[in-house]
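Notes follow the structure.
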4 protein chains.
Amino acid sequence: MPRKMCHCVKVRNYHVDSYGHVNNAQYLHYLEDARTDFFEELGYTLPELGRRDIFIFITESHLEYQKPARMGDSLLVYGWFKHLSSRKAVWQHEVYNAGNKELVLTGSITGLFLHHDKIISIPKDIRTAMNEIYFPQDR
Amino acid sequence: MPRKMCHCVKVRNYHVDSYGHVNNAQYLHYLEDARTDFFEELGYTLPELGRRDIFIFITESHLEYQKPARMGDSLLVYGWFKHLSSRKAVWQHEVYNAGNKELVLTGSITGLFLHHDKIISIPKDIRTAMNEIYFPQDR
Amino acid sequence: MPRKMCHCVKVRNYHVDSYGHVNNAQYLHYLEDARTDFFEELGYTLPELGRRDIFIFITESHLEYQKPARMGDSLLVYGWFKHLSSRKAVWQHEVYNAGNKELVLTGSITGLFLHHDKIISIPKDIRTAMNEIYFPQDR
Amino acid sequence: MPRKMCHCVKVRNYHVDSYGHVNNAQYLHYLEDARTDFFEELGYTLPELGRRDIFIFITESHLEYQKPARMGDSLLVYGWFKHLSSRKAVWQHEVYNAGNKELVLTGSITGLFLHHDKIISIPKDIRTAMNEIYFPQDR
């Protein structure tokens, strides 16, 4: 049975723009931090992947900002794969405000794996690990 | 005849991640800078809008990363409206590498206008100005 | 007996510049995150201080970059007060690489307390808490 | 006769923290952007230096925050060398608010030149160019 992963972040003073809301770009950092930690939990750190000359190239991001978050808020960033093929992985993300339980953001991020700058099939061991958090979804 | 607006940015050393590519989140800053300058060119600065208690809330961002950009590159960020209704504005963006003319990124950003935290119809004077860069598009 | 406080941070992909080193400005964010968490551990969150109309204004920062840090490194950010007077607080920071134990950065940050934009004496309850991590030092 | 160089920056919405002031770390980015453009004006871009395997390592930063700056402000970042020896260069910076002419920040940044990760004497051609903006100062 697959599971969804969760990463907790704290909204810092400088994540917030002059409106007092977390800036729209900052969420892409939150999601990237979450995915990095999720891969680490699955057994793969970015430096280790780097030593295998593998890196992940983001080809698409799609965010829907639902509610603003503010300085001092704790956010729960959930993530799982909604699509996994031999070459392409699509993350689905949901971000909740840990305080008031509001849904703050939904988003999806598409990535490809590169080896020496060429797109490759996702290596088998990594794909097996990724399956742990794969919830197939018709797109 | 409407026109497309253009903003030039320079890729800084710290916009680039450990892969040597502009980080995926940084592009949202480039697009935000461009839109801020476009509004200024149309006659509206953010502080002035703030004094009218108007601010623009981003509800959706959708980016497609086409080619990586690197430190020292100059990027041309184009922007225009592809959708404008009484309450909603959708920007279309294209980012080109000024050096090799490659298309680096395409994206769209959806925004609403708020007055004292309530969604409002786009004020008439601002809407008139926005029409200058409106290229209607069936969606 | 006073104690030094410690905050752990992980170097993210986008904290690193095109040289592969953590960018010089990023350390000020690490130190700010640490101080925010230290204050919280002492019983004061920024939003709570904000509700008392108190905020902390940084007047000086002095950093010495000792060794570069890289993506994936875990850093230990230590902090304590080396100077505390009625109106001024000077933090001392040391940042170590948790992996190889290298000293990465030393720095000091000077702050004042403001109430409705006027410099004030540090409120007594906050000063008492701050004393817990005060190691007086001749300057 | 040496001259001081000037770089203009615009305070963006996301440079500002929840207090409405430019965040303390953001100034290090403003200064870095200025120095990068100053070097370019002197004839040396970072990618060109990179092709000669030369890079500049910041060893020390010292900033004094004089007055807050706010979203929409235009800032003038001045820079020149106050110390230049065979191996070490110390920049002096002053940042002014272009609107109200207030002094916003003063700072100094110390840098070394590295070639293949070893500290080197500043290459002669670069040193000659740097002399154009050198105002010797007893320290």
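The values are calculated or read from the model by the stated rules, or taken from the named source; none is laboratory data. Because the structure is predicted, anything quoted here is derived from the model rather than measured. Methodologically, a virtual Cβ is constructed for each residue, glycine included, from the backbone with ideal geometry; neighbour enumeration extends over all protein chains shown. Please note that ligands, DNA and RNA were not included when accessible areas were found on the heavy atoms of the full protein model with its side chains. Shrake-Rupley method; radii C 1.70, N 1.55, O 1.52, S 1.80 Å.
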So the FRET efficiency between D:LYS88 and B:ARG70, C-beta based with R0 = 22 Å and rounded to 0.05, is 0.15
In whole percent, and with a 1.4 Å probe on the protein chains, what portion of the accessible area of the protein assembly as shown is carbon and sulfur? 48
Report the one residue of B:GLN66, B:THR106, B:SER86 whose Cα lies farthest in the direction of the positive end of the charge dipole of segment B:5-133 (charges on C-beta: Lys and Arg +1, Asp and Glu -1; origin at the Cα centre). B:SER86
Could you give log10 I(q)/I(0) at q = 0.07 Å⁻¹ for the protein assembly as shown, computed by the Debye formula over C-alpha point scatterers of equal weight, without solvent? -0.42
Okay, helix-only estimate at 222 nm for chain C: each DSSP H run of n ≥ 4 adds -39500 (n - 2.57), divide by all residues, round to 500 deg cm²/dmol; what do you get? -6500 deg cm²/dmol
So the label point sits 7 Å from Cα along the Cα-to-Cβ vector; using that for A:SER86, what distances do you get to the other copies, in nanometres, sorted shortest first? 5.3, 6.1, 7.7
Can you send over the solvent-accessible area of C:ARG87, 1.4 Å probe, protein chains only, in Å² to the nearest 10? 110
Keeping all protein chains in the complex and leaving out DNA, RNA and ligands, what accessible area do you get for D:VAL11 with a 1.4 Å probe, in Å² to the nearest 10? 0
Ignoring ligands and nucleic acids, D:THR106 exposes an accessible area, probe 1.4 Å, in Å² to the nearest 10, of 30
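Are any of the pairs A:LYS10/C:LYS10; A:LYS88/B:LYS82; C:LYS4/C:LYS101 more than 25 Å apart by Cα-Cα distance, and if so, which?
Those over the limit are A:LYS88/B:LYS82.
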With a cut-off of 8 Å between alpha carbons and a minimum separation of six or more residues, what is the relative contact order of segment B:5-133 in percent? 28
Across the identical copies, how the A:THR45 labels are spaced - nm, sorted shortest first, 7 Å along Cα→Cβ: 3.1, 3.6, 4.7
Please turn the phi angles of segment D:58-67 into ³J(HN,Hα) values with the Karplus equation 6.51 cos²θ - 1.76 cosθ + 1.60 (θ = phi - 60°), one per residue in order, whole Hz, x for glycine and proline. 7, 9, 7, 9, 9, 10, 10, 8, 8, 9
Would you list A:TYR134, A:TYR27 from the most to the least accessible area, probe 1.4 Å? A:TYR134, A:TYR27
HN-Hα couplings for segment C:99-111 via Karplus (6.51, -1.76, 1.60; θ = phi - 60°), in whole Hz with x for Gly/Pro, come out as x, 9, 6, 5, 7, 9, 7, 10, x, 9, 10, 9, x
Is the C-alpha gyration tensor of chain C telling us rounded, prolate or oblate? Criteria: a/c under 1.5 is rounded; beyond that, a/b larger than b/c is prolate, otherwise oblate. prolate
Summed buried accessible area for D+A [probe radius 1.4 Å, Å², rounded to 100]: 700
With a 1.4 Å probe on protein heavy atoms only, tell me which residues of segment D:25-45 lose at least 20 Å² of accessible surface in the complex relative to the chain by itself. D:ALA25, D:LEU28, D:HIS29, D:GLU32, D:ASP33, D:ASP37, D:GLU40
Could you work out the local net charge near A:ILE122, counting Lys and Arg as +1, Asp and Glu as -1, over the other residues with Cβ closer than 11 Å to its Cβ? +3
Determine, from the Cβ-Cβ distance of C:ASP117 and D:LEU103 and an R0 of 25 Å, the FRET efficiency 1/(1 + (r/R0)^6), rounded to the nearest 0.05. 0.85
What is the magnitude of the charge dipole of chain B about its Cα centre, with +1 placed on the Cβ of each Lys and Arg, -1 on the Cβ of each Asp and Glu, and no other charges, expressed in debye to the nearest 20? 220
Tell me the per residue accessible area of segment C:5-133 using a 1.4 Å probe; a whole number in Å² is fine. 39
Report, by chain and number, residues whose modeled amide H sits under 5 Å from the one on B:TYR65, excluding near sequence neighbours (fewer than 5 apart, same chain). A:GLU60, A:SER61
Computed over chain B: longest principal axis from alpha-carbon atoms vs helix B:26-41 long axis, angle to nearest 10 degrees, is 40
From the label point of C:GLN66, set 7 Å from Cα along Cα→Cβ, how far away are the matching label points in the other copies, in nm, ordered shortest to longest? 3.3, 4.5, 4.8
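Using a 1.4 angstrom probe on the protein heavy atoms only, could you order A:PHE39, C:PHE57 from most to least accessible area?
Numbers: A:PHE39 15, C:PHE57 40 Å².
Highest to lowest solvent-accessible surface, that is C:PHE57, A:PHE39.
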Report the label-to-label distance for C:TYR78 and A:TYR78 in nanometres (one decimal), using points 7 Å from each Cα along the Cα→Cβ vector. 4.2
